[in-house]
Amino acid sequence: MENIKNYLIDMDGVLVQGKKMIPGADEFIESLKKNKAKFLVLTNNSIYTQIDLAHRLQNIGLNIDADHIFTSAMATAAFMKAQKEAGNAFVIGESGLNVAIHNAGYIMTDENPDFVVLGETFDYNFRQVTKAVRLIMEGASFIATNPDPTGPSESGITPACGAMAALIEKASGRSPFYCGKPSPFMMRSALNYLGVHSENTVMIGDRMDTDIVAGIQSGMETVLVLSGVTSVKQIEEYPYRPGRVVKSIADLILP
């Protein structure tokens with residue numbers, strides 16, 4: 001890893017656990033800066049903007065600015081712009097997704113939208129979901145920020161974007177295009193945003209089914225940390241393997 005200068009780093013389970021920093025995460029980030037390594041923090045969380053996430057990380061002791069954060073909302077907006085330079089979208093999501101789509105030059109409306117966009121939200125509204133189903137059946141393209149079926153909350157596991165997308169898919173008969181991890185589109189978008197190549201970049205994550213498979217499919221070196229949701233035993237359940245397995249991000253601090 002000493003020769004690798006670029007890093008894509010998952011956030012939850014790697015740098016933070018809930019509202020707490022994982023021990024050694026701050027030292028790892030500072031070691032990247034000291035070695036002038038390029039890096040991005042990747043997250044499938046589309047609720048918050050880059051600035052919001054940077055503030056949350058800084059409050060727990062991680063000195064990461066907004067320009068070093070890349071979200072599934074940003075990947076989704078980039079995909080929309082690549083498909084159509086500007087247009088209309090019906091969006092179910094929070095500020096992180098709304099801001100990214102506005103910045104891409106899109107107008108949010110429920111009148112003949114080009115896209116129906118589903119993201120994470122604090123409270124899925126059944127009327128909005130019903131509207132989304134009808135718009136998709138009328139011809140709007142269906143995209144979603146990420147396929148994660150569940151997400152963490154202070155009170156426990158909650159249904160997430162992937163679960164709601166499955167409901168809309170079942171009702172509309174149309175499958176969504178997922179823009180977040182493990183979609184290669186998000187990985188390419190992040191690499192382009194950072195201005196680096198996959199062959200000189202390492203993906204660090206805690207999930208085999210998103211972080212590690214995304215890294216492998218994108219041609220990157222991969223490192224699995226065991227500080228998140230995956231145990232050593234669970235690695236055997238997958239037909240692919242990470243390039244390296246470590247206990248936590250603290251084991252990757254650069255000299």
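Points to keep in mind about this one:
- Candidates 91, 117 - the one that is of a type in the set (A, V, I, L, M) and in contact with a Ser or Thr (Cβ under 8 Å, 6 or more places away or on another chain): 117
- The single condition among (1) without any contact (Cβ under 8 Å) to a residue 40 or more places away in the chain; (2) in a helix (DSSP H, G or I); (3) in contact with a Phe, Trp or Tyr (Cβ under 8 Å, 6 or more places away or on another chain) that residue 89 does not meet is (2).
- Some residue of segment 47-67 being in contact (Cβ under 8 Å) with a residue 60 or more places away in the chain, in contact with a Lys or Arg (Cβ under 9 Å, 6 or more places away or on another chain) and in a helix (DSSP H, G or I): no
- Evaluation of residue 144 against (1) at pLDDT below 95; (2) within 14 Å of the chain's Cα centre (by Cα); (3) within 30 Å of residue 109 (Cβ to Cβ) (one fails), failing number: (1)
- Of all residues in segment 202-251 being under 17 Å from the mean Cα position of the chain (by Cα) and among the hydroxyl-bearing types (Ser, Thr, Tyr), the one that is farthest from residue 146 (Cα to Cα): 222
- Of the residues in segment 31-43, not one is under 22 Å from residue 162 (Cβ atoms) and assigned to a loop (DSSP other than H, G, I, E, B).
- Considered as a group, the residues in segment 109-125 that are modelled with pLDDT of 95 or more and surrounded by fewer than 14 Cβ atoms within 10 Å (Cβ to Cβ) include one that is nearest to residue 158 (Cα to Cα), and that residue is 109.
- Only one of 57, 15, 53 that is touching a strand residue (DSSP E or B) at 6+ places or on another chain (Cβ under 6 Å) and not assigned by TED's automatic domain parsing to the domain that holds residue 148: 53
- In segment 14-30, of all residues being among the aliphatic types (A, V, I, L, M) and not in a helix (DSSP H, G or I), the one that is surrounded by the fewest Cβ atoms within 10 Å (Cβ to Cβ) corresponds to 21.
- Residue count, segment 231-254 (criterion: within 16 Å of residue 182 (Cα to Cα) and surrounded by 22 or more Cβ atoms within 10 Å (Cβ to Cβ)): 1
- Among the conditions (1) touching a helix residue (DSSP H, G or I) at 6+ places or on another chain (Cβ under 9 Å); (2) part of a helix (DSSP H, G or I), the only one that residue 128 does not satisfy is (1).
- Number of positions in segment 161-175 that are hydroxyl-bearing (Ser, Thr, Tyr) and assigned to a helix (DSSP H, G or I): 1
The values are calculated or read from the model by the stated rules, or taken from the named source; none is laboratory data. Just so it is clear, the model here is predicted, and its values are computed rather than measured. Counting neighbours? That spans all protein chains shown, and the Cβs are built from the backbone with ideal geometry, glycine included.
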